[in-house]
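Read the structure below first, then the notes.
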Amino acid sequence: MATPATTFESLSRSLAAGDYRPVYILHGEEGYYIDRLVKMFERILPEDDREYGLTNMYAPQIADPQAIIDACRQMPMMTERQVIIVREAQSVKGEYIDKLARYAAAPTPTTILVVAARGDKLKGKDFAKAVKAAGGVIYESPRLWPSNIPPLLSAYIKEKGLRADAKAVEMLGEYIGTNLSRLYNEVDKLAEILPKGATVTPEVIERNIGISKDYNNFELIDAVATRDIAKMMRIGTYFEANPKQNPFMVTAASLFSFFADLLQGFYSKDRSERGLQQELGLNNSFAAKRIKSGMASYNAFQVIEILDAIRRYDAMSKGSGSRQDPYKMLNDLLFHIATAPGRLPV
């Protein structure tokens, strides 16, 4: 039976219980969890022992990885063990990292070596094999997708003693994206401002974070779903006047995602809200209701035409040397969506 992959939760529990291994690899595209784990490793030693027992080394600044091995081989001074953290390991070549393999095969019992590659996978297959063979730990922090954000954000809001409004959570995810550090930082701010048990609502977000509760991609998709052309154009005009707060690429991605889900909805066996939520992997009932509204406002031929129009808009807005204003084009796209006759591209 294959060994279960190490998760952030399982590794956090092991560290909290004092179950330490001699060598750890922390790598992957999502940097938030790697940062959290590095802080946990820094706190393994009591604060008074960190001056002698904690060493931070930056891989790009160390010409010869033998210096890392030499540091690991030293006996700890005035502490029971030492912790050595090698940061920015994603910035060095695989050949560099693989020179640490012989240490990983026979590590020093009184040293905890942590090699952290933030934002990318660690190069160096020989080192990884040696770590695994010697009973070390490899944790990969995978890339997060937009669909991952709402449940994570809702859980974090509750962890901070607040209640999560589903619409507010989607607004934050739409506006900030998949940057967990920034998302959680905004929640931390709200936790300081709001009383325990308060609900994070769209009004709270508008007042304290600066995201308009009426003019954002969440509200735009709601208007598109009901084919409310006046609201669609009003939001498009607002985006044109506030381009920094409303990147057109994010809007195009949101529109495409909605219509792609909508097309899949037409071919779902169970078209009830619960059925659509399960079939499409939607995060909450709001998203399912939106799809139901869209299915009442458009037919499948119109959706196919609209998806083609969004692809063309996206390509033209990113085109090299294009002189067209992407927000003027967005308004044209929104009008096309509202009036699409359902003609398939030839």
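Values computed for the structure shown
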| item | result |
| --- | --- |
| Meets criteria (closer than 14 Å to ALA223 by Cα and either modelled with pLDDT of 90 or more or of a type outside the set (Ser, Thr, Tyr) (or both)) for ILE337 | yes |
| Lone unmet requirement of (1) out of contact with any strand residue (DSSP E or B) (no Cβ under 7 Å at 6 or more places or on another chain); (2) under 30 Å from THR178 (Cα atoms); (3) open to solvent by less than 40 Å² (accessible area, probe 1.4 Å); (4) not hydroxyl-bearing (Ser, Thr, Tyr) for ARG36 | (3) |
| Hits in the range 39-48 (condition: without any contact (Cβ under 8 Å) to a residue 60 or more places away in the chain and open to solvent by less than 30 Å² (accessible area, probe 1.4 Å)) | LEU45 |
| Sole residue being surrounded by 19 or more Cβ atoms within 10 Å (Cβ to Cβ), farther than 25 Å from ARG43 by Cβ and at pLDDT 90 or above, chosen from ALA105, ALA116, ALA130, ALA89 | ALA130 |
| From the options ILE84, ILE97, residue that is open to solvent by less than 30 Å² (accessible area, probe 1.4 Å), in a helix (DSSP H, G or I) and free of Cβ contacts under 8 Å to residues at least 40 places away in the same chain | ILE97 |
| Options PRO142, PRO76: the member that is open to solvent by less than 40 Å² (accessible area, probe 1.4 Å) and either at pLDDT below 95 or touching a Leu at 6+ places or on another chain (Cβ under 7 Å) (or both) | PRO76 |
| Some residue of the range 17-30 being part of a helix (DSSP H, G or I), farther than 16 Å from PHE127 by Cα and either among the basic types (Lys, Arg) or open to solvent by 60 Å² or more (accessible area, probe 1.4 Å) (or both) | no |
| Residue satisfying all of: in the range 298-334; assigned to a loop (DSSP other than H, G, I, E, B) and farther than 19 Å from ASP228 by Cα; modelled with the highest pLDDT among these | ASP325 |
| Options ALA63, ALA67: the member that is among the small types (Gly, Ala, Ser) and in a helix (DSSP H, G or I) | ALA67 |
| Unmet requirement for ASP214, which otherwise passes all of (1) open to solvent by 70 Å² or more (accessible area, probe 1.4 Å); (2) among the acidic types (Asp, Glu); (3) at pLDDT 90 or above | (3) |
| In the range 248-283, residue most open to solvent (accessible area, probe 1.4 Å) [restricted to those that are outside any helix (DSSP H, G or I) and touching an Asp or Glu at 6+ places or on another chain (Cβ under 8 Å)] | LYS269 |
| Any hit, the range 132-146, residues being farther than 21 Å from TYR58 by Cβ, of a type in the set (Val, Ile, Thr) and assigned to a loop (DSSP other than H, G, I, E, B) | no |
| Of the criteria (1) open to solvent by less than 60 Å² (accessible area, probe 1.4 Å); (2) part of a helix (DSSP H, G or I); (3) without any contact (Cβ under 8 Å) to a residue 40 or more places away in the chain, which one LYS292 fails | (1) |
| Checking LEU45 against (1) in a loop (DSSP other than H, G, I, E, B); (2) in contact with a strand residue (DSSP E or B) (Cβ under 7 Å, 6 or more places away or on another chain); (3) closer than 21 Å to LYS123 by Cβ, the condition it does not meet | (3) |
| Residue that is most open to solvent (accessible area, probe 1.4 Å) [pool: residues in the range 145-157 that are of a type outside the set (A, V, I, L, M) and in contact (Cβ under 8 Å) with a residue 24 or more places away in the chain] | TRP145 |
| Residue among LEU153, LEU172 that alone is farther than 18 Å from LEU220 by Cβ and assigned to a helix (DSSP H, G or I) | LEU153 |
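The values are calculated or read from the model by the stated rules, or taken from the named source; none is laboratory data. All values derive from a computational prediction rather than experimental measurement. Neighbour counts run over all protein chains shown; Cβ positions are idealised from the backbone, glycine included. Heavy atoms of the whole protein, side chains included, go into the accessibility calculation; ligands, DNA and RNA do not. Shrake-Rupley method; radii C 1.70, N 1.55, O 1.52, S 1.80 Å.
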